[in-house]
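Just below is one structure, and these are the notes that go with it.
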Amino acid sequence: MNYPQFPKNCTSLLCKYLTPEVFDELKDKKTRYGYTLEQLIRSGVENVDSGIGVYAGDEESYELFAPLLDPIIREYHGFGPDDRHVSDMDPAHLQIGNPDPEGAYVLSTRIRVGRNLHCFPLGPNLSRRERLVVECMVSDALRALEGELAGSYHPLEGMDKETRERMIKDHFLFKEGDRFLEAAGLNRDWPEGRGIYHNTDKTFLVWVNEEDQLRIISMEPGADIASVFGRLAKAVKSLEKRLVFAFSERLGYITSCPTNLGTAMRASVHIRLPKLGKDMEKFKTITDRYELQIRGIHGEHSESEGSVYDISNKRRLGITEVQAVRQMAEGVEALIEEEKRL
Ligand code: ADP
Ligand code: CIR
């Protein structure tokens, strides 16, 4: 493989940190699971409009390719090579109120964490057979859940088109991977080995073998963020009794995209902000202050509709789960205050 050509206006972190020197240092390296630099950077090489541009193939990728990945991680999360990630998912430590008790702005709240099984490579590097074994192990663990978390597993293969499209539209199910995931190898053998688990009310859901092997999701209408976090924490604890997740002392939970490392958590609200939506400069001043990301109504790479935005924590590493959720809640409070003032 030769040094890739990026256009002059390329702004991805891959393009910024893959210097010819770093490329030469890493180009012949291979992890024990056989993942190479070429695979690590393919998404950003094929999609030069990427924000980041890399996907790890296993936990070892983060060590072996550190000369490229450490600067990316530092820039995205503000987390240096000597920092250590600390996890705190204890709902008793959260202590926040409902930022919108009258339900005037927040439509719904969703918190998800990504997880991967410690004894397998990550999705971009998972074989067809390994993916099926992961599905089997995860769906068995899910079937053992009880009470509010009890539900059923629905493989994507064989699901009728109408049910699938309805669940995507209602924000419960993932879409087929986009061109970023495609180039990373995450769409191989689609839809085999993928599926969704959910309880009756669809307040607790798990995506299997999407970008990460598990995306554990708690969601409900309204802005009772503490209730959503409490349910998620309970679910993660129950699953940890049956599954061992990939976790590094330095980087926390290991995920295929470096933006998800650490907590692997995205805590979001869908919030209607018609006035702030017309003043994006002011809107972004507030979201930057609270380190929040603005996404569209159908998730990443989608647009807002009817002035509804998806607001979530941007940092996931070097911050505890409790801190990430609290920061999101405080940011939402500030956004609502400004919307009222306008
Ligand atoms: P992820 O959150 O897993 O990184 P996406 O950004 O693609 O991935 O979002 C996945 C789905 O979750 C999308 O359908 C999105 O609209 C939905 N979603 C995100 N936040 C909320 C929320 N607060 N309420 C309802 N749906 C949400
Ligand atoms: C990219 O590099 O733009 C895609 N691979 C997505 C990166 C992760 N998402 C994000 O930062 N919001």
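Some observations on this one:
- Being within 16 Å of ligand 2 (Cβ to nearest atom), farther than 16 Å from Leu122 by Cβ, assigned by TED's automatic domain parsing to the domain that holds Gly296 and surrounded by fewer than 18 Cβ atoms within 10 Å (Cβ to Cβ) is a property that does not hold for Asp170.
- Residues of segment 101-123 that turn out to be buried (at least 20 other Cβ atoms within 10 Å of the Cβ), within 17 Å of Phe229 (Cα to Cα) and not hydroxyl-bearing (Ser, Thr, Tyr), as a count: 7
- Going through (1) under 30 Å from Leu292 (Cβ atoms); (2) within 21 Å of the chain's Cα centre (by Cα); (3) of a type outside the set (Ser, Thr, Tyr); (4) assigned to a loop (DSSP other than H, G, I, E, B) one by one, Pro99 falls short only on (2).
- Residue among Leu156, Leu126 that alone is in the same structural domain as Ala183 (by TED's automatic domain parsing), in contact with a Lys or Arg (Cβ under 7 Å, 6 or more places away or on another chain) and surrounded by 17 or more Cβ atoms within 10 Å (Cβ to Cβ): Leu156
- Figure legend. Inter-residue proximity from segment 287-303: first residues under 25 Å from Arg179 (Cα atoms) and of a type outside the set (Ser, Thr, Tyr), second residues in a helix (DSSP H, G or I) and within 14 Å of ligand 2 (Cβ to nearest atom), beta-carbon distance below 6 Å, spacing 6+ or different chains. Indicated pairs: Ile294/Thr287.
- Within segment 33-59, residues that are in the same structural domain as Leu186 (by TED's automatic domain parsing) and modelled with pLDDT under 95 reach no partner that is part of a loop (DSSP other than H, G, I, E, B) and away from ligand 1 (no atom under 16 Å from the Cβ) with beta carbons closer than 8 Å at six or more positions or on different chains.
- Condition check for Tyr33: part of a loop (DSSP other than H, G, I, E, B), aromatic (Phe, Trp, Tyr) and within 21 Å of Glu130 (Cβ to Cβ): yes
- Of the residues making up segment 51-86, those that are over 22 Å from Glu21 (Cβ atoms), assigned to a helix (DSSP H, G or I) and of a type in the set (D, E, K, R) number 0.
- Candidates are the residues of segment 179-201 that are surrounded by fewer than 17 Cβ atoms within 10 Å (Cβ to Cβ) and more than 15 Å from Ser127 (Cα to Cα); the one that is nearest to the chain's Cα centre (by Cα) is Arg179.
- Of all residues in segment 16-51, those satisfying the criterion of being surrounded by 18 or more Cβ atoms within 10 Å (Cβ to Cβ) and under 22 Å from the mean Cα position of the chain (by Cα) are Tyr35, Gln39, Leu40, Ile41, Arg42, Ser43, Gly44, Val45, Asn47, Ser50.
- Considering residues of segment 242-264 that are assigned to a strand (DSSP E or B) and in contact with a Gly (Cβ under 8 Å, 6 or more places away or on another chain) only, the residue nearest to ligand 2 (Cβ to nearest atom): Gly262
- Unique residue being among the hydrophobic types (A, V, I, L, M, F, W, C) and assigned to a helix (DSSP H, G or I) when the list is Met89, Met137: Met137
- Pairs linking a residue in segment 185-209 that is under 26 Å from Pro221 (Cβ atoms) and in the same structural domain as Pro221 (by TED's automatic domain parsing) to a residue that is among the polar types (S, T, N, Q) and part of a loop (DSSP other than H, G, I, E, B), with Cβ atoms under 9 Å and 6 or more positions apart or on different chains, are Gly195/Asn209.
- Complete set of residues in segment 285-337 that are in contact with a helix residue (DSSP H, G or I) (Cβ under 6 Å, 6 or more places away or on another chain) and part of a helix (DSSP H, G or I): Ile286, Val322, Val325, Ala329, Ala334, Leu335
- Residues of segment 117-134 that are assigned to a loop (DSSP other than H, G, I, E, B), more than 13 Å from Trp190 (Cβ to Cβ) and aliphatic (A, V, I, L, M): Leu122 alone.
- So Ala267, is it assigned to a loop (DSSP other than H, G, I, E, B) and within 13 Å of ligand 1 (Cβ to nearest atom): no
The values are calculated or read from the model by the stated rules, or taken from the named source; none is laboratory data. As the structure is a computational prediction, the values presented were derived from the model and not from experiment. All Cβ positions, glycine included, derive from the backbone under ideal geometry; neighbour counts span all protein chains shown.
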